[in-house]
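Worksheet: the structure to be examined is printed underneath.
What follows draws every value from the coordinates through simple rules; no lab data is involved. This one's a predicted model, so the numbers in the text were calculated from it and none came from an experiment. With ideal geometry, Cβ positions are generated from the backbone for all residues, glycine too; neighbour counts draw on all protein chains shown.
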Amino acid sequence: YRFREKPDKVNIAWHNQNASVSFRKKSVFYFDADGSKGSLTDVVTQVNSVAHSAARRAADSWLGRVSVNMAIRMYDQRITITRSADEWLFKGFEHPFISLGKIIRPDDVPYTRIGFQYPRNGSSEFDGDINMFTGADDISK
């Protein structure tokens, strides 16, 4: 699956006192159907990484293991999840453990969906603040 990135600089601030500029990079990704071997509607099966992560996190606690095991049974979780490529990549999808985590430990679960690049598309939050010298006072910086 091939995507094209269209980056843009946002929140630009010039700092004349030290000849620098700071900004955030906002990236928008577009699916390149001609350059891809597959379609975003392709069905993809992956390991259920959310359930696996919950089990690993609870491994050292008897109560944690019992709780995760009960949740796996209650929410009928399997070792794999099958979704469209679009959902796995940028769109994301709901997962019962994410919803449960938002209730139990809201500070540890910042998102409402799971996806490899969710919610990166159209966001300027992921690369953080970028600061660089302009060369206005010394081109060698």
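Laid out as a table, the results:
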read-out: Single residue of the stretch 35-80 satisfying the filter (among the polar types (S, T, N, Q) and closer than 24 Å to residue 105 by Cβ) that is nearest to the chain's Cα centre (by Cα); value: 49
read-out: Count of the stretch 118-131 residues which are at negative phi and loosely packed, with under 11 Cβ neighbours inside 10 Å; value: 1
